[in-house]
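The values are calculated or read from the model by the stated rules, or taken from the named source; none is laboratory data. Quick caveat: nothing in here was measured; it's all calculated off a predicted structure. Cβ placement follows ideal geometry from the backbone for every residue including glycine, while neighbour counts extend to all protein chains displayed.
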Amino acid sequence: MRATESELPEFPFTTADGSSDRERVFRLREERPISRVVLSGVPVWLVTRHADVNAVLVDTRFSLARAIDPGIPRLGTVEMMPGQLLATDPPEHTRLRKLVAKVFTSRRIEQLRPHVQDVSDRLLDRLAGMTPPVDLIEHFTAALPIEIICELLGVPHQDRDRFQDWTERILTVSGLTEEEVQSGWARMTDYLAGLVSGKRRAPTDDLLGMLTAARDEDDVLDESELVLLALALLIGGYETTKNQLASSVAMLLTEHPDQWQRLIADPELVPTAVDELLRYVPLFGYEVTFPRVATATVELGGVTIAEGDTVLISLTSANRDKAVFDGADEFDPARVPNRHLAFGNGIHRCLGAQLAKIELETGLSGLLRRFPQLRLTDDELRWKTGVFVHALHRLQVAW
């Protein structure tokens, strides 16, 4: 028997301090892996098991484009803009992704590895010259990905510090007003529109210059799509990698210092350790990604999801599924194979997954090599609440 709306639990699940109640989501995976919860006053499905989450990811009947329709519940103030890559379905999505995929080929991205190494080494040199304690997020885990993605896009160096406030506003779930969130969107899109205008006057060979030429010469995307595509690449290439690297270092130093030492002794383990960190360390503030809407009736895991129903999927929970991962709640830097879903799957799988892994591998390797005695100086880590991406306020370290 289906519970009445008044009996359904409110989502997101939170603890007394406002942080995500992750363990409650994990319990659902074992007890009721496809559950009904209430999101923004509307009953929705919460999917928590690896097999079911993956099925939603690869099934195009679960639409991200429909999730921005009026009346569809969303996670607080987080929303996607019409025309944004993540808010499109085929054929629009296919057309937009194909444009950017030319730059994000495996061969081209792998060729960036020496440059990522150079940037990382330079940042670590600067860090070594500072007097500790210093904030590792400000001086390294944020600085590395923002420099790489801005160079790829062609964003001027002097403008890079302006993005943190804008992206945090855009990815806020609670704590800011709708007007403050919209201000973040407006400032970011206005800035990128101005950048496009500049590249139209003086063409460049970076990604944004290439997309601008595609807009003007081939008429394969409109002005709004161009700006939103650049915005998605900028946010995706910065915010997630910044916080994933910071959270990973924090977890290793606080919960698994033995594994930190193991990686120092065996640096060849770093690539598999990065995959395990992607599986093990939560990326999403409330464990779920953007809502999807079923465009047809779908049978999923023994449950019937009706056309028009909203579905939330928890990659965090899927990545701890004991049916897929031996010792799922244990951190094993040598885990192979590792079928984590940190980058999603299907047509919306993270376009920058390979670049993110290169940055995470390079950044972690550099810290292990240059600062083997790295330690935290704060007695307690302070995590941000009300945010879409799991993030620390700061990561004060010494060595």
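One table, with the values for the structure above:
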{"item": "Output for segment 333-348, where each listed residue is outside any loop (DSSP other than H, G, I, E, B) and either on the phi < 0 side of the Ramachandran plot or at pLDDT below 95 (or both)", "result": "347, 348"}
{"item": "Residue satisfying condition, being modelled with pLDDT of 95 or more and crowded, with 19+ Cβ neighbours inside 10 Å, within set 32, 49, 24", "result": "49"}
{"item": "Test: residue in segment 308-323 that is of a type outside the set (A, V, I, L, M), assigned to a strand (DSSP E or B) and touching an Asp or Glu at 6+ places or on another chain (Cβ under 7 Å)", "result": "no"}
{"item": "Unique residue being at pLDDT 95 or above, over 21 Å from residue 75 (Cα atoms) and not in a loop (DSSP other than H, G, I, E, B) when the list is 330, 276", "result": "276"}
{"item": "Residues of segment 104-118 satisfying the condition of being surrounded by 10 or more Cβ atoms within 10 Å (Cβ to Cβ), touching a residue at least 40 places away in the same chain (Cβ under 8 Å) and part of a helix (DSSP H, G or I)", "result": "109, 110, 113, 116, 117"}
{"item": "Residue 351 being closer than 29 Å to residue 11 by Cα, among the aliphatic types (A, V, I, L, M), assigned to a strand (DSSP E or B) and out of contact with any Ser or Thr (no Cβ under 6 Å at 6 or more places or on another chain)", "result": "no"}
{"item": "Which numbered condition residue 167 misses (of (1) surrounded by 13 or more Cβ atoms within 10 Å (Cβ to Cβ); (2) without any contact (Cβ under 8 Å) to a residue 40 or more places away in the chain)", "result": "(2)"}
{"item": "Which numbered condition residue 94 fails, given (1) farther than 20 Å from residue 206 by Cβ; (2) surrounded by 14 or more Cβ atoms within 10 Å (Cβ to Cβ)", "result": "(2)"}
{"item": "Selection status of residue 242, out of contact with any Lys or Arg (no Cβ under 7 Å at 6 or more places or on another chain), surrounded by fewer than 18 Cβ atoms within 10 Å (Cβ to Cβ) and at pLDDT 90 or above", "result": "no"}
{"item": "Candidates 257, 267, filtered to the one that is surrounded by fewer than 23 Cβ atoms within 10 Å (Cβ to Cβ), of a type outside the set (A, V, I, L, M, F, W, C), within 23 Å of residue 353 (Cβ to Cβ) and more than 20 Å from the chain's Cα centre (by Cα)", "result": "267"}
{"item": "Among (1) part of a loop (DSSP other than H, G, I, E, B); (2) touching a helix residue (DSSP H, G or I) at 6+ places or on another chain (Cβ under 6 Å), the one test that residue 380 misses", "result": "(2)"}
{"item": "Every pair of residues 6+ apart whose Cβ atoms lie under 6 Å, when the first sits in segment 79-96 and is free of Cβ contacts under 8 Å to residues at least 40 places away in the same chain and of a type in the set (S, T, N, Q) while the second is buried (at least 20 other Cβ atoms within 10 Å of the Cβ) and part of a loop (DSSP other than H, G, I, E, B)", "result": "88/65"}
{"item": "Unique match (being over 18 Å from residue 342 (Cα atoms) and of a type outside the set (A, V, I, L, M)) among 272, 241, 289, 295", "result": "295"}
{"item": "Selection from segment 366-399 of residues that are modelled with pLDDT of 95 or more and closer than 18 Å to residue 279 by Cα", "result": "none"}
